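Here the structure comes first, spelled out in structure tokens, and everything after it is commentary.
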Amino acid sequence: MIRLLSFGDPQLLNAEGARFESLERRTKSVAFLIYLASEDSDRLHRRDELTAVFWPEADGPRGRNALRQTLHIIRRELGPDSFHSNGSQDLSVNWNEFSSDVNSFNLAIADGLLETALSLYREDFLPGFVLQGCPEFDAWADERRTYLRKCAARAARDLAHQAEGQK
């Protein structure tokens, strides 16, 4: 199982906890994985959406080629089963191969497991992370950071109220 950590500096870890350092140096590839793995785990992403976010300057064929190259690089590093695709248009991470601290946080919040959620929130989501030439990704990351911070604050507040009620 590959662990993707996005609270704090992004990290990709294998089952033994070793980092995929060569892939981590490819900022756009890491951002691409984070984008896919930090939303609803059932969400599929259209390839044209992904090319618009990550290669906004590229026309259709060049953007699709850049996407294919990125998928090839990630599969080469993490394994051929890293992604699910339902045909040629939609793509998601393969949750049988991945875990994400952000996805686990969201699931814990939804299940009311507030202590678990807060244990996963070790820092803000991607603090100071900027993807040059990809303003739509940067806007998305800022929006996610704000949303996740509010969820963590609400969970901490709710836990404090629960603790006060137990006294």
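The values are calculated or read from the model by the stated rules, or taken from the named source; none is laboratory data. All values derive from a computational prediction rather than experimental measurement. As a convention, Cβ positions derive from the backbone with ideal geometry for all residues, glycine included, and neighbour counts pool all protein chains shown. With ligands, DNA and RNA removed, areas are computed over all heavy atoms of the protein, side chains included. Shrake-Rupley method; radii C 1.70, N 1.55, O 1.52, S 1.80 Å.
Scattering from region 98-167 was approximated by placing one identical point on each alpha carbon and applying the Debye formula without solvent; log10 I(q)/I(0) at 0.23 1/Å stands at -1.00.
Per residue, the Cα convex hull of the chain amounts to 113 Å³. Taking Cα atoms only, the orientation of helix 27-37 departs from the longest principal axis of the chain by about 60 degrees. Of the chymotrypsin sites (Phe, Trp or Tyr not before Pro) in region 78-167, the ones in a loop by DSSP (not H, G, I, E or B) with at most 14 other beta carbons within 10 Å are TRP95. Length gained on full extension, MET1 to ASN94: 32.5 nm, using 0.36 nm per residue less the C-alpha separation.
Of all DSSP beta bridges confined to the chain, the antiparallel ones make up roughly 70%. A 1.4 Å probe run over the protein chains yields, for region 1-89, 51 Å² of accessible area per residue, whole-number rounding.
Measuring from a point 7 Å past the Cα of ASP158 along Cα-to-C-beta, which residues in region 105-131 have an amide N at less than 16 Å? Flagged as within label range: 105-121. Annotation: amide H of SER100 within the under-5 Å range of LEU4, sequence separation 5 or more or interchain, hydrogens built in the peptide plane.
Quick one: with all protein chains in place, what share of the accessible area of the chain is carbon or sulfur, to the nearest percent (1.4 Å probe)? Let's see the in-between values first.
Values: 4250 of 8930 Å².
Of the solvent-accessible surface of the chain, carbon and sulfur hold 48 percent.
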